[in-house]
Amino acid sequence: MTMVIETTLGPAPKTLILGATGPTGRHILSQAVSRGYDVTVLVRSPEKAADMKGAKIVVGDARDEKALRQVVKGRDAMISALGTPASPFREVTVLSTATRALTAAMKAEGVSRLVAITGIGAGDSAGHGGFLFDKLIFPLLLRKVYADKDRQEAIIKGSHLDWTIVRPSVLNNKPGRTAIQTLTDLNQFRGGSISRENVATFVLDQVTTDRWLHKSPLITW
């Protein structure tokens, strides 16, 4: 079940954002509105979305395919900025569960464009986060989260949708820079960081370009 609590629509492209209440998702939402996108966000907690302006806010669970079909219908593109806290001991399934529901809803409603954020350490970017990330943070705090990110990526790659997976290096809250690196060959790359602002800009750029279609670029400073 979903409940619409706010509607302020702008011009196309018509975009759905999942994870818009997170720190990176908020940058994506703000920039999308600034670009004049027609934005819908799906949130579980209306309280967390109380300060969001310029978007249609729908309350629902991103793991619920029926709820997703209602918000996917009529959209041009989906952006997944879903995240989950570090989980050293408990298994994580929310990312893969929500992604499976999202891709099913997109196919059912005839929507093909999906841009999803995972992160450095997912897929073949594992082992490229630098000493501190790879040897301490990843194994002690993020191993179970990234196991689910790997499942999430596999679902996306097997979906036959028009997907781009964006893998940011370690995120920070600094102002964005005018130039970033976009890498698919990581042989010489270790470590790195990037601002959430830059990630949001790159993600939104993928809504209207096929430059990285069916690819998983790592973005970093």
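Laboratory data are not the source of any read-out in this text; all were calculated from the coordinates shown. If you're wondering where the values come from, they're calculated on a predicted model, not measured in any experiment. Note: ideal-geometry Cβ built from the backbone for every residue, glycine included; neighbour counts use all protein chains shown.
What is the Cα centroid distance between the range 23-42 and the range 49-125, reported in whole angstrom?
Cα centres, the range 23-42 to the range 49-125: 14 Å.
Can you return the aspartates and glutamates within cross-link range of residue 174? Criterion is Cα-Cα under 13 Å, with same-chain partners fewer than 8 residues away left out.
Within reach: 197.
Return the FRET efficiency for the residue pair residue 76, residue 104: r is the Cβ-Cβ distance, R0 is 30 Å, and the value is rounded to the nearest 0.05.
0.95
Once the dipole of the range 3-220 is set up with Lys and Arg at +1 and Asp and Glu at -1 on Cβ about the Cα centre, which of 17, 27, 170 lies farthest towards its positive end?
Most positive-ward Cα: 170.
Return the sequence-ordered ³J(HN,Hα) values of the range 26-40 in whole Hz as given by the Karplus equation 6.51 cos²θ - 1.76 cosθ + 1.60 applied to θ = phi - 60°, using x for Gly and Pro.
Values per residue, Gly and Pro as x: 5, 5, 4, 4, 4, 5, 4, 5, 4, 7, x, 5, 8, 10, 10 Hz.
Please give, to one decimal in nm, the separation of the simple spin-label points placed at residue 185 and residue 157, each 7 Å out from Cα toward the Cβ.
1.9
Determine the dipole magnitude for the chain: charges of +1 sit on the beta-carbon of Lys and Arg, -1 on that of Asp and Glu, nothing else is charged, the reference point is the Cα centre, and the result goes in debye to the nearest 20.
140
Which residue, 106, 78, 52, tops the fluctuation ranking in a GNM of the chain built on C-alpha contacts under 10 Å?
Most flexible of the set in this elastic network: 52.
With only alpha-carbon atoms in the gyration tensor, what are the semi-axes of the equivalent ellipsoid for the chain, in Å, largest first?
Result for the chain: semi-axes of 27, 19, 17 Å.
Among rounded, prolate and oblate, which fits the range 141-221 when a ≥ b ≥ c are the square roots of the eigenvalues of its C-alpha gyration tensor, a/c under 1.5 means rounded, and a/b larger than b/c means prolate? Before the final figure, lay out the partial values.
Working: a/c = 1.67, a/b = 1.17, b/c = 1.43.
Because a/c hits 1.5 or more and a/b fails to exceed b/c, the range 141-221 counts as oblate.
Sorted by average packing, counted as other Cβ atoms within 10 angstrom per residue and highest first, what order do 169-181, 118-130, 207-219 take?
118-130, 207-219, 169-181
Helix 196-205 versus the longest principal axis of the chain: what angle, 0 to 90°, nearest 10, using Cα atoms?
60
Rounded to the nearest 0.05, what FRET efficiency is calculated for residue 90 and residue 140 with R0 set to 22 Å and r the Cβ-Cβ distance? Spell out each step's value before the answer.
Details: r = 14 Å, r/R0 = 0.64.
The calculated FRET efficiency here is 0.95.
Each label point is 7 Å from the Cα along the Cα-to-Cβ direction; what then is the distance between the points at residue 132 and residue 173, in nm?
Computed distance between label sites residue 132 and residue 173 equals 1.7 nm.
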